[in-house]
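Asker: One structure is given below, represented as structure tokens, and several questions about it will come after.
The values are calculated or read from the model by the stated rules, or taken from the named source; none is laboratory data. Quick caveat: nothing in here was measured; it's all calculated off a predicted structure. Using ideal geometry, Cβ is built from the backbone for each residue, glycine included, and neighbour counts are taken over all protein chains shown.
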Amino acid sequence: MVALVSTVAYLGLEARSVEVQCQIAPGMPRFNVVGLPDKAVNESKERVHAALSAMGLSLPPKRITINLSPADLPKEGSHYDLPIALALLAAMGVTDAEQISEYVAVGAPACRGLGRGCGQSSKSPRHPDRSF
């Protein structure tokens, strides 16, 4: 199963749509982030792992791949942490993947978990009948 969460990449004053795709597959346990991430985005796996641990959850002992699409657009900053965490939770079956796909998520969870005003989530602009 692939879980999808929408977010944005900031290019100056412009925000471009980015899709965070998470796949959990059988194989050697590892956690990879692909799709032209910078150092801060690559480090998000450690922050996400800490936030999930604080919630009492552990990563499955499988191959976890996070794809930030489109791959040719540079991804910079820690605001990808929340969408990565939400995509991972959806792929793990902890939260409803369909419902999450309707939102645009931007933010960073605290090491204490995802529960405290840690990010921002708005309805997706892909659905004009919903608010953004």
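Asker: Can Ala105 be described as of a type outside the set (S, T, N, Q), touching a helix residue (DSSP H, G or I) at 6+ places or on another chain (Cβ under 7 Å) and in a helix (DSSP H, G or I)?
Answerer: no
Asker: Looking at the range 1-45, which of its residues are among the hydroxyl-bearing types (Ser, Thr, Tyr) and surrounded by 15 or more Cβ atoms within 10 Å (Cβ to Cβ)?
Answerer: Residues of the range 1-45 among the hydroxyl-bearing types (Ser, Thr, Tyr): 6-7, 10, 17, 44.
Within the range 1-45, Ser6, Thr7, Ser17, Ser44 meet the criteria.
Asker: Which of (1) modelled with pLDDT of 95 or more; (2) over 17 Å from Ala9 (Cβ atoms); (3) touching an Asp or Glu at 6+ places or on another chain (Cβ under 9 Å) is the odd one out, the single condition Lys75 does not satisfy?
Answerer: (2)
Asker: Out of all the residues in the range 1-19, which are over 21 Å from Ala85 (Cβ atoms) and hydrophobic (A, V, I, L, M, F, W, C)?
Answerer: Listed by number, the residues that qualify are Leu11, Leu13.
Asker: Could you count how many residues in the range 1-42 are out of contact with any Asp or Glu (no Cβ under 6 Å at 6 or more places or on another chain), over 13 Å from Ala90 (Cβ atoms), in a loop (DSSP other than H, G, I, E, B) and in contact (Cβ under 8 Å) with a residue 12 or more places away in the chain?
Answerer: 6
Asker: Residue under question is Val34, and the condition is that it be modelled with pLDDT under 95 and over 19 Å from Gly107 (Cβ atoms); does it hold?
Answerer: When the stated conditions are applied, Val34 does not pass them.
Asker: How about the range 82-122: which of its residues are over 18 Å from Glu19 (Cα atoms), of a type in the set (A, V, I, L, M) and at pLDDT below 90?
Answerer: Residues satisfying the conditions are Ala110, Leu114.
Asker: For residues that are assigned to a strand (DSSP E or B) and surrounded by fewer than 20 Cβ atoms within 10 Å (Cβ to Cβ), scanning just the range 58-102, find the one that is farthest from the chain's Cα centre (by Cα).
Answerer: Going through the qualifying residues, I end up with Arg63.
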